[in-house]
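No value in this document is a laboratory result; all are computed from the given coordinates. Values in this document were obtained by computation on a predicted structure and should not be read as measured data. A quick note on method: Cβ atoms are made from the backbone with ideal geometry, for glycine too, and the neighbour counts reach across all protein chains shown.
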Amino acid sequence: MDIRSVGIVGAGQMGNGIAHVFSLAGYDVLLSDISQDSLDKAVALIDRNIERQVSRGKTTAEAKSDAMGRIKTTLKLPELGNCDLIIEAATERETVKQAIFDDLLPHLLPHTILTSNTSSISITRLASRTDRPEKFMGFHFMNPVPVMQLVELIRGIATDRETYDTLLGVVGKLGKTAASAEDFPAFIVNRILMPMINEAVYTLYEGVGSVRSIDESLKLGANHPMGPLELADFIGLDTCLAIMNVLHDGLADTKYRPCPLLTKYVEAGWLGRKTKRGFYDYRGEVPVPTR
């Protein structure tokens with residue numbers, strides 16, 4: 001089917017990035033959130049980020065103007081029902097996502113495709129709670145969305161071929177690359193990435209290395225652009241913990257047990273960059289290791 005309009009649920013870090021790339025690619029975007037302040041901040045951030053692309057010659061001022069004109073916002077979730085494609089990009093908690101889809105269902109067009117940007121939760125289970133499991137998929141963008149080239153496409157057990165082919169075409173129109181993943185906990189990227197981050201936290205917890213030495217070792221010894229603890233702060237330690245819990249619960253293997261130190265940081269509310277403290281303290285001019 002031809003996708004023209006896209007509804008995005010959640011104006012946070014992922015939602016505003018998704019709105020950014022869809023609007024630039026020519027789609028009409030309706031961005032929804034429970035907070036007008038969050039919506040206003042998201043639109044302002046998209047404007048700044050596209051302007052940065054203009055200054056670097058990656059797009060034009062005219063394309064930016066057109067893209068910003070295609071973005072609309074709403075506090076009323078049912079208004080997304082008229083969109084051809086809906087992307088849920090709310091917090092990584094299954095109860096929250098299920099409540100969103102429950103609220104959307106009575107207002108959807110018959111052809112509307114439902115997707116979730118979840119990084120780990122079962123697509124089959126989310127889809128089974130809707131009236132259209134055949135038109136439901138995982139549509140997992142990487143952070144930051146405008147920069148990262150990969151999109152994971154995850155089919156639930158009931159997802160039909162037309163839905164998959166439609167989203168494959170959308171990814172192509174966005175100028176990104178699709179990777180097809182089976183519906184198992186954390187899919188591909190996070191199935192590999194999160195245990196590495198968790199192991200880095202264990203390495204810190206057991207005193208094998210400091211925050212700085214662990215990150216420097218992976219950057220200089222494995223040629224990673226960002227150290228694992230720095231990356232965890234960027235992703236959000238609460239998100240890392242949630243994904244590790246999904247892996248541990250879903251696969252019942254002790255190798256996915258979340259490090260107690262990761263749990264402790266989340267309990268303290270030290271979630272990384274978004275709270276100004278995580279494995280680094282970001283309250284000064286230069287990030288300082290907290291351990």
Counting DSSP beta bridges in the chain, what percent are antiparallel, to the nearest 5? 25
Which aspartates and glutamates have a Cα less than 13 Å from the Cα of residue 76, not counting those fewer than 8 places away in the same chain? 33, 103
Count neighbours as other Cβ atoms within 10 Å of each site's Cβ, and list the GluC sites (Glu not before Pro) in the range 119-208 that are DSSP loop with at most 12 such neighbours. 182, 206
Could you tell me the center-to-center distance, by alpha carbons, between the range 165-199 and the range 219-234 in angstrom? 20
Hey, what angle do you get for helix 36-55 against the long axis of the chain, alpha-carbon based, 0 to 90 degrees rounded to 10? 80
For the Cα atoms of the chain, what angle does the longest principal axis make with the long axis of helix 211-221, in degrees from 0 to 90, nearest 10? 70
Which pairs in the list 41/255; 97/276; 97/219; 135/173; 176/274; 72/176 are over 30 Å apart, alpha-carbon to alpha-carbon? 41/255; 97/219
Rule-of-thumb check for the range 5-181: C-alpha Rg over 2.2 N^0.38 Å? 0.97
222 nm [θ] for the chain, helices only, -39500 (n - 2.57) per DSSP H run of 4+, per residue, to 500? -14000 deg cm²/dmol
Listed residues 203, 115, 124, most fluctuating in the chain (Gaussian network, C-alpha, under 10 Å): 203
